[in-house]
Amino acid sequence: MGLLTLLQRASLSHLLAFGTTAFIAYWISVYIYRVTLHPLAKFPGPKLAGATFWYESYYDLFPHKLRFLWKIEDLHNQYGPIVRINPLHIHIRDPEYLDDIYASGRRKRNRDEWFFVPPRLVRWDDRIAEARKTGENVNLLFAAGALTMDVISAYAFGKDWNKLGEPDWAEEELEGYAKMAQMGPFARQFPWVAKAVIMLLPPKLVTKLSPAAALVPRNRALFKDMIQTAVEEEQNGQLDKSASRSIFQDILQSNLPPSDKTPARLSAEAGLLVMAGTETTARSLAVILFLLLDTPHVLDRVRKELAQHMPRPDSRISLAELEAIPYFSAMITEGVRLSHVVSSRMPRYAPEEELKYKDWTIPAGTSVMQSHYLLHTDPTIFPEPYTFEPQRWIDNPSLRANYFLGFGRGTRVCLGINLANAELYLTVAYICARFDMELFETERGRDVDVVMDSVIGQPSLESKGIGSRSQETDSRTSKLRGCWIVQGFDDRYH
């Protein structure tokens, strides 16, 4: 072995040793800074949580899974109402402080990058009626997803995707969205990996690695083609302006700069719009219907109220009329509260304003948040918080204005709140007026209650409510098992 080779090996080993030492020293200095000199070092909370995001990963990724939300609750019990839960985030558990975090008006609030993602009612009713005739049991989550996906696609693109006509409703999309949501904590901790998998790898390889993740590039390509066609029609003066208006038609005809109207950008926006407009409303709708079937005295009272406005199953009613029915409206609000559609914390930061919380001064630009789930299950605000009790909203009219976070709050409130409310109010009313149903092989603790926080609240992985089928039947007559499932339909037309 020559001298030159020895020197090269020595240099390589020295370089590797130096690099390793420098890497370790850098992260040690980062950890020390975060718990000593960082602007958030003074806030209560575990030093380990303030030092590294691995603390959050331990509870959200491995060995636990999607359970950091409940660890945050434990931290509040230990440290008080304000806690530093990771190097960058301050979590406050105080319902009276909501309006400071989710402010509106001139108090600017930015969304933290951490937060990663009526004719159709007749068709829905008819599809449910068809299931009654064939003896098919219906998975309400997939059925609700078919409805909400058709609605949002029609609003977005001017044409629905006819999921209400699919044999399995929107099973593929809802299954995929649920699994994608479970990947959220990993994507937050390792965003570069998630982006590389979804954006850089060939779609066929992504599909093999994760069929759920493959929904992103597949849908983006679909949306891009649809939007590209609309762009070309707009440029050539061929866009049918007499047709039903759609979100992206309005965008293309707006005064936005051309850079904001490229197919690539709009297809990314379309993906978020469709996912948000499908999954969240579908889960709320499915949970509300479950709770009604699981709480007969509430269902009876709802039907008695509706009977005064909808005396026959084929009676028609407007959204405004439904919103004016006190108990019915309170029931929808209570159902949204218990659906925990957005279970996770919702970070906001005030870029130009120091926030004051009791004796604490929170530096401008610091992400501050509360959690929907922890607020909506706070027994000091909602006694017996897991009980489906619409009356609470009637007995305490200020409850909704002060403590309801079902659609967000402040200037960043859900953009689709009016559409979502219309879907919930009208669908539940027509189902209650037309059908009698009963639950089938359902366990609330397993299939309904939220035990995983993947931004979207999800039930146990052991739930049979997400697409499990009996093996002895074919796809046309299969009986979907678990929660969200109803059987024993009685169409009140007959």
The FRET efficiency for T134 and N396, from their Cβ-Cβ distance with R0 = 45 Å and rounded to 0.05, is 0.50
So how do D359, D436 rank on accessible area, 1.4 Å probe, biggest first, that is with the largest at the start?
D359, D436
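Sort segment 30-107 into rounded, prolate or oblate with this rule: let a ≥ b ≥ c be the square roots of the eigenvalues of the Cα gyration tensor; rounded if a/c is under 1.5, and if a/c is not under 1.5, prolate when a/b is larger than b/c, oblate otherwise.
Oblate, since a/c reaches 1.5 and b/c is not below a/b.
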Let's test the formula: R0 of 60 Å, r as the Cβ-Cβ distance of Y26 and R312. What FRET efficiency results, to the nearest 0.05?
0.25
Scoring only Lys, Arg, Asp and Glu (+1, +1, -1, -1) among other residues with Cβ under 14 Å from the Cβ of L69 yields -1
Accessible-area order (highest first, 1.4 angstrom probe) of the listed residues T333, T387
T387, T333
Set the bar at 20 Å for Cα to Cα. Now go through K47/K356; K47/K108; K159/K224; K71/K358 and name every pair that lies beyond it.
K47/K356; K47/K108; K71/K358
Assuming 0.36 nm per residue, please report the length gained on full extension of the stretch K358 to D436 beyond their Cα-Cα distance.
22.9 nm
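The values are calculated or read from the model by the stated rules, or taken from the named source; none is laboratory data. On a predicted model such as this, the values are computed, not experimentally measured, just so you know. Backbone-built Cβ (ideal geometry, glycine too); neighbour counts: all protein chains shown. In case anyone asks, the SASA skips ligands and DNA or RNA and just uses the protein heavy atoms, side chains included. Shrake-Rupley method; radii C 1.70, N 1.55, O 1.52, S 1.80 Å.
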